[in-house]
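Novice: Before I ask anything, let me first share the structure, which is written out below as structure tokens.
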């Protein structure tokens, strides 16, 4: 955790707001209404785990010109007061009669002319973090102002990381690198998977994570069944592949990568798939450039797997990363998002070992003008073998 | 983590669905659409930390009669397949052209007649976890079916915990009790607060938490400034009060309580406020009964503080607890929710020590026919003193 709650100097946030305002101006939007934890943290530096409580909505309004306004529950006034935003308006939430809606409507009405329009994220990978009935009420009260989709406004800005952000993500990746190095200390044949998950989280905290927002993984003979399940008490067995995947957080920034470990000798089919995944990642590390599209990254990964005679597992094969565990774009055949310099991305090819058995390999990168720079330490070409 | 992903036998979930269906029938609702992680876990037992990724929406549809349907991204099929719900419909998310909306619309259209109505949570303490534009599209496609507020339908059911749920929350509380016992091992004068937060999370994991979704707290001379901030590197000083508050999770169920520790001798003003908070909690422990209302709990707490000549801190003084860190009702003067047997609640009086300095005291209870039963081990009447 940084020395204050701002994480960054005010100039970092002011630069973000200026970039948001340029997007808004280009799209004819008079204000941007943000309700999601990541968006609010991104604009304000307001970092808290209190989002875990769904009880209260929180709002930041970014006008197309001028300073942002925080419209928040009184319980957050002290912490927001330590951030750079000066205009902080509070109400005593939760209030079943009016949970900040009058205050927010008045704020927006004061910033947006009656014929103007208010953007909020409505598209893919976004949610509205406020009660739906309150939103309908808000939109009615603000009429004839239009409520329009602000997804692109926030996405085109957040997806390009500053050097300060890249440094934070690199620090989170380094924490996970060190924790992955220590997996052989607590993962061995006979050890229950749920205890391994706990020990891995402990290692991440010991290595400097502020908290561990995500740990998933799996273990199974030669591969695992899925990559999002919590752990059960089953012990690691000879022949298993153990996969651990983490989104550890430091200063509000995530890493997101996994590592695979073999329990005893690696079966030939598993070794072959692992080599193909490693080669696919290498291909992406060599070929990705600004100007390609997310679907091109998918093509590079899949075609390399195919050349190795390996069948991809379903789903996306990589994605953005930053103030949430996953961000756009998605490495799928459908995502046309242009890859640009400064994007932080995961390369996450998955492949099928046998029916119901997969392997997934993941690295974190930042895209530079001349190609990817690794943020995670490159996984070994051969799977490490546990005791 | 339980032996399987179900957490409970299927009968537990079937009972929940039957209670939801009784609420729906009484309110004339033909189906309930759920999108929030807690609601989906509550109905299905689908437990994952993958919610940390905002990329994909997930849906459960509970018809007023018959079995629920899961409409989910393909990446969740394996895990959902280990849960009790049999009708699982998947799509390859994220799909920017149609991210499950056609599949969901077809599912709902097949379950709800054209003149029927579909309930979803729209009220206080709820969010819609899907893109707003997709929701608008869904509602258009389902017209003339009405989309109505299902908040009460889910709240009246979830707020009454089964004995199986109470046992899980008790287990989470016991984990936190043991971790709080160990705070003197790692919290002492000179130790940085962020290291104490890490060590506390480590202790929670060592004592059996599956993961630690929430840790907050504070430290300051005689009291702290707020209760939702992350920790900075400032060292504990003589005269500080350290507060740690946690929502540790075991088998998907939360605890939520805090403990206070003094660094060196307790100042008289601090001791007086602490005694008042302890007395206010005692009063609630003695007086709460089914049939009272949430606002009555607030009155009991505040009037006891007043009798001790202590001013309450703002905000709610307790709330529900279960599959999220905080649930309704709220102990405020405004919340008329009736307290019923089987509710799991926090008692959380806060009071002002000096301008900008507060103390907060918290316990977890289940409301029985004859009054509260503690789930957390009662905090000591006098604040423990750290080395």
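The values are calculated or read from the model by the stated rules, or taken from the named source; none is laboratory data. Just so you know, these numbers come straight off a predicted model, no measurement behind them. Every residue, glycine as well, gets a Cβ built from its backbone with ideal geometry; the counts of neighbours run over all protein chains shown.
Novice: Would you check which residues across the range B:229-250 are surrounded by fewer than 21 Cβ atoms within 10 Å (Cβ to Cβ) and either modelled with pLDDT under 95 or in contact with a helix residue (DSSP H, G or I) (Cβ under 7 Å, 6 or more places away or on another chain) (or both) and list them?
Specialist: Scanning the range B:229-250 gives B:232, B:233, B:234.
Novice: Just one of (1) more than 9 Å from chain A (Cβ to nearest Cβ); (2) crowded, with 22+ Cβ neighbours inside 10 Å trips up residue B:306, so point out which.
Specialist: Condition (2) is where residue B:306 drops out.
Novice: Moving on to the next point. Could we say that residue B:322 is within 14 Å of chain A (Cβ to nearest Cβ), in a loop (DSSP other than H, G, I, E, B) and over 18 Å from residue B:255 (Cβ atoms) here?
Specialist: Considered against the rule, which asks whether it is within 14 Å of chain A (Cβ to nearest Cβ), in a loop (DSSP other than H, G, I, E, B) and over 18 Å from residue B:255 (Cβ atoms), residue B:322 comes out as no.
Novice: Test residue B:28 against the stated conditions and say whether it is in contact with a strand residue (DSSP E or B) (Cβ under 9 Å, 6 or more places away or on another chain), at positive phi and at pLDDT 95 or above.
Specialist: yes
Novice: Among (1) under 16 Å from the mean Cα position of the chain (by Cα); (2) within 26 Å of residue A:380 (Cα to Cα); (3) in contact (Cβ under 8 Å) with a residue 60 or more places away in the chain; (4) within 7 Å of chain B (Cβ to nearest Cβ), there is one condition residue A:225 misses while meeting the rest; what is its number?
Specialist: Failing condition for residue A:225: (1).
Novice: For residue A:56, state whether it is within 14 Å of another protein chain (Cβ to nearest Cβ), within 26 Å of the chain's Cα centre (by Cα) and at pLDDT below 95.
Specialist: Values: within 14 Å of another protein chain (Cβ to nearest Cβ): yes; within 26 Å of the chain's Cα centre (by Cα): yes; at pLDDT below 95: no.
Here the answer is no, as residue A:56 does not meet what is asked.
Novice: Just to be sure before I move on: is residue B:167 surrounded by fewer than 18 Cβ atoms within 10 Å (Cβ to Cβ), over 30 Å from residue A:326 (Cβ atoms) and in the same structural domain as residue B:213 (by TED's automatic domain parsing) in the structure I sent?
Specialist: yes
Novice: Only residues that are over 15 Å from residue A:161 (Cβ atoms) and in contact with a helix residue (DSSP H, G or I) (Cβ under 7 Å, 6 or more places away or on another chain): list them for the range A:338-347, please.
Specialist: Once the filter is applied, which keeps residues that are over 15 Å from residue A:161 (Cβ atoms) and in contact with a helix residue (DSSP H, G or I) (Cβ under 7 Å, 6 or more places away or on another chain), the range A:338-347 yields only A:347.
Novice: Within the range B:124-153, count every residue that is out of contact with any helix residue (DSSP H, G or I) (no Cβ under 7 Å at 6 or more places or on another chain), at the interface with another protein chain (Cβ under 10 Å from one of its Cβ atoms) and part of a helix (DSSP H, G or I).
Specialist: The qualifying residues number 5.
Novice: So in the range B:228-239, with the set limited to residues that are facing chain A (nearest Cβ under 10 Å) and within 18 Å of residue B:258 (Cβ to Cβ), which one is nearest to the chain's Cα centre (by Cα)?
Specialist: My answer is B:228.
This table checks each residue for (1) surrounded by 21 or more Cβ atoms within 10 Å (Cβ to Cβ); (2) touching a helix residue (DSSP H, G or I) at 6+ places or on another chain (Cβ under 8 Å); (3) assigned to a strand (DSSP E or B).
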position: A:65; (1), (2), (3): no, yes, no
position: A:72; (1), (2), (3): yes, yes, yes
position: A:80; (1), (2), (3): yes, yes, no
position: A:83; (1), (2), (3): yes, yes, no
position: A:105; (1), (2), (3): no, yes, no
position: A:110; (1), (2), (3): no, no, no
position: A:115; (1), (2), (3): no, no, no
position: A:122; (1), (2), (3): no, yes, no
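Novice: Which one of these does residue B:299 not meet: (1) under 17 Å from the mean Cα position of the chain (by Cα); (2) free of Cβ contacts under 8 Å to residues at least 40 places away in the same chain?
Specialist: The failed condition is (1).
Novice: Another question, if that's okay. Just need a number here: residues in the range B:85-103 that are more than 14 Å from chain A (Cβ to nearest Cβ) and either surrounded by 22 or more Cβ atoms within 10 Å (Cβ to Cβ) or assigned to a loop (DSSP other than H, G, I, E, B) (or both).
Specialist: 2
Novice: Here's a follow-up. Is it the case that residue A:262 is more than 9 Å from every other protein chain (Cβ to nearest Cβ) and without any contact (Cβ under 8 Å) to a residue 60 or more places away in the chain?
Specialist: Working: more than 9 Å from every other protein chain (Cβ to nearest Cβ): yes; without any contact (Cβ under 8 Å) to a residue 60 or more places away in the chain: no.
No: the conditions fail for residue A:262.
Novice: Kindly indicate whether residue A:382 is more than 19 Å from residue A:152 (Cβ to Cβ) and assigned to a strand (DSSP E or B).
Specialist: Taking the combined requirement at face value, the residue does not satisfy it.
One line per residue, one yes/no per condition, for (1) over 14 Å from residue A:284 (Cα atoms); (2) out of contact with any helix residue (DSSP H, G or I) (no Cβ under 7 Å at 6 or more places or on another chain); (3) in the same structural domain as residue A:181 (by TED's automatic domain parsing); (4) surrounded by 15 or more Cβ atoms within 10 Å (Cβ to Cβ):
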residue	(1), (2), (3), (4)
A:349	no, no, yes, yes
A:352	yes, yes, yes, yes
A:355	yes, yes, yes, no
A:363	no, no, yes, yes
A:370	no, yes, yes, no
A:378	no, yes, yes, no
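Novice: Sticking with this structure for a sec: Yes or no: residue A:359 closer than 21 Å to residue B:94 by Cα and within 14 Å of chain B (Cβ to nearest Cβ)?
Specialist: So residue A:359 fails the test.
Novice: If we keep just the residues of the range B:204-222 that are at the interface with another protein chain (Cβ under 10 Å from one of its Cβ atoms) and either in contact (Cβ under 8 Å) with a residue 60 or more places away in the chain or more than 21 Å from the chain's Cα centre (by Cα) (or both), which is surrounded by the most Cβ atoms within 10 Å (Cβ to Cβ)?
Specialist: Here the answer is B:210.
Novice: Now for a separate question. Exactly one condition in (1) in a loop (DSSP other than H, G, I, E, B); (2) closer than 21 Å to residue A:240 by Cα is not met by residue A:377; state its number.
Specialist: (2)
Novice: Of the numbered conditions (1) surrounded by fewer than 22 Cβ atoms within 10 Å (Cβ to Cβ); (2) assigned to a strand (DSSP E or B), residue B:194 satisfies every one except a single condition; which is it?
Specialist: (2)
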